[in-house]
1. Is it the case that LEU178 is touching a Pro at 6+ places or on another chain (Cβ under 7 Å), under 22 Å from LEU223 (Cβ atoms) and either within 14 Å of the ligand (Cβ to nearest atom) or outside any loop (DSSP other than H, G, I, E, B) (or both)?
2. In segment 237-269, what residues are among the β-branched types (Val, Ile, Thr), under 14 Å from LEU227 (Cα atoms) and within 13 Å of the ligand (Cβ to nearest atom)?
3. Considering each residue of segment 261-320, count those that are farther than 17 Å from ALA249 by Cβ, part of a helix (DSSP H, G or I) and open to solvent by 40 Å² or more (accessible area, probe 1.4 Å), and give that number.
4. For segment 123-152, how many residues are open to solvent by 10 Å² or more (accessible area, probe 1.4 Å) and assigned to a loop (DSSP other than H, G, I, E, B)?
5. Mind listing whichever residues of segment 266-307 are modelled with pLDDT under 95 and farther than 23 Å from GLY19 by Cβ?
6. Any chance segment 305-317 includes a residue that's farther than 16 Å from CYS99 by Cβ and touching a Gly at 6+ places or on another chain (Cβ under 7 Å)?
7. Kindly indicate the residue of segment 93-118 that is open to solvent by 10 Å² or more (accessible area, probe 1.4 Å) and near the ligand (Cβ under 6 Å from one of its atoms) and also farthest from the chain's Cα centre (by Cα) among those meeting that condition.
8. Please state which of the following conditions ALA39 fails to meet, knowing it meets all the rest: (1) over 22 Å from ARG187 (Cβ atoms); (2) among the hydrophobic types (A, V, I, L, M, F, W, C); (3) within 16 Å of the ligand (Cβ to nearest atom).
Amino acid sequence: MAPDTAERYLRFAATQARGQSPAYDMLAGRIAGDAELLALIERLPEPKRQPNLLFGAVRFLGGPIGDYQAFRAWTSAEWPRVQRTMRGWSTQTNEPGRCATLLPVLAALPQPLALIEVGASAGLCLHPDRYRYRYDDGPVFGPADSPVVLECRTAGPLTPPGRVPRVAWRAGIDLNPLDVHSADDVRWLESLVWPEQHERLRRLRGAVGVARAEPAHLVTGDLTQALDGLLAHVPAGATPVVFHSAVLAYLPIEARESFAGRALDLPGHWISNEAPGVLPSVERHLPRPAPADRAVFVLALDGRPLAFTGPHGQSLDWFA
Ligand SMILES: C[S@@+](CC[C@H](N)C(=O)[O-])C[C@H]1O[C@@H](n2cnc3c(N)ncnc32)[C@H](O)[C@@H]1O
C-alpha cells in the first residue's frame, strides 16, 4: 500500500525530523506503517502529501500531536476538515532568522537598498534593518526597540557587519502572499513552525509585530513574471537587491536557471540562498562540496557562492 508515501514519511522522519522534532519524528515514522492513514493521504494530489503540510494542518485545526493513537483517531475522524486545510494552504514557512545570514551581504552593498524578495511568503525577511543581531559571542546590534534578536554562529573569514543596512524601500512577490494582519494567515505560519521550536515561534511572533508596524509592499504573482513590474518602482538613488531563500526549489529546473540568467542581468544585485542542487549554475562555483551530515543552503551574490548557511539562519560558514 502506497510505498512511495510511506517511504516519503520514513525519509522525513529520518532525515528532517530526527533530532529536531521528536513529535514529528514519531508521527511520521508511525504513519509510514499505518495503511489506513496512508490511504487517506494518498487521496490527495502528490504535492499535497507532504508530512509538514499534514502536521501543520492538524495543528492549525487544534488536533493532538503528542500521542500517536490520539493523533490517528482525531485525524481520521476529522479527515474532511484536514484534507480541506491541506488543499487550501501550502507550506509557506517564513523564517525571519534567515536575515542573519543575508545581513553581511546586504550591509556591504551601496546604501540605501531597495529590497525585492521573490517568494516572500508574509514578507518577514524584508525587514533586516528592523531586527537585532548577535554573531557568536559578539555584541548585540540593531534597533534597540526591536522585539527580535537573531543569533548566528559563524565560521571562516567573516567580520560581522556591526550595523544594519539602510532600507529605502521593500517589496515582495509571492504566488500567495500571506497577510500579517490576518489572524488565520498568522496562525497558519505559526502552525508551520515545528512544535518543539519555541525560539523560532517567539521570533516569528516578534517579526509579525515588526511587519505589522511597517508592512512591505507584497504583490501576488509568479516570480518569473512579476519582477519587472516591481523593479520599475525602485526609488532613484537606492540599490536594487533582488533576493530569495528556500523558493526556487518550487520551480522546474529550467525555470530556475532561466530566472538566474535574468537575475544576473538586473540592475543592482541578486542574492540567492537556496539548498545545494537547486541552482547548478551557482553550485558549480562552490569551493568545496556541501556538508553531507547537515542541511545547509548556499548563499551567493550575483551567482558567486559566499557561504554555506543554516537553513533557518542559525549559522554562516563563510568561504575564503
Ligand atoms: C518556503 S517559503 C520561503 C519564504 C521566505 N522566502 C523565507 O525565506 O522565509 C517559499 C515561498 O515561495 C513562494 N513561491 C513558490 N513558487 C513561487 C513562484 N513561482 N512565484 C512566486 N512565489 C513562489 C511560496 O508561495 C512560498 O511563500
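The values are calculated or read from the model by the stated rules, or taken from the named source; none is laboratory data. These numbers were taken from a predicted model, which means no experiment stands behind them. Cβ atoms come from the backbone with ideal geometry, glycine included; neighbour counts cover every protein chain shown. Note: accessible area is taken over every heavy atom of the protein model, side chains too, but ligands, DNA and RNA are not part of it. Shrake-Rupley method; radii C 1.70, N 1.55, O 1.52, S 1.80 Å.
1. no
2. Across segment 237-269, the qualifying residue is only VAL242.
3. The number of residues fulfilling the criteria is 2.
4. Going through segment 123-152 one residue at a time, the tally reaches 11.
5. Result: LEU266, PRO267.
6. yes
7. Of everything passing the filter in segment 93-118, ARG98 is farthest from the chain's Cα centre (by Cα).
8. Failing condition for ALA39: (3).
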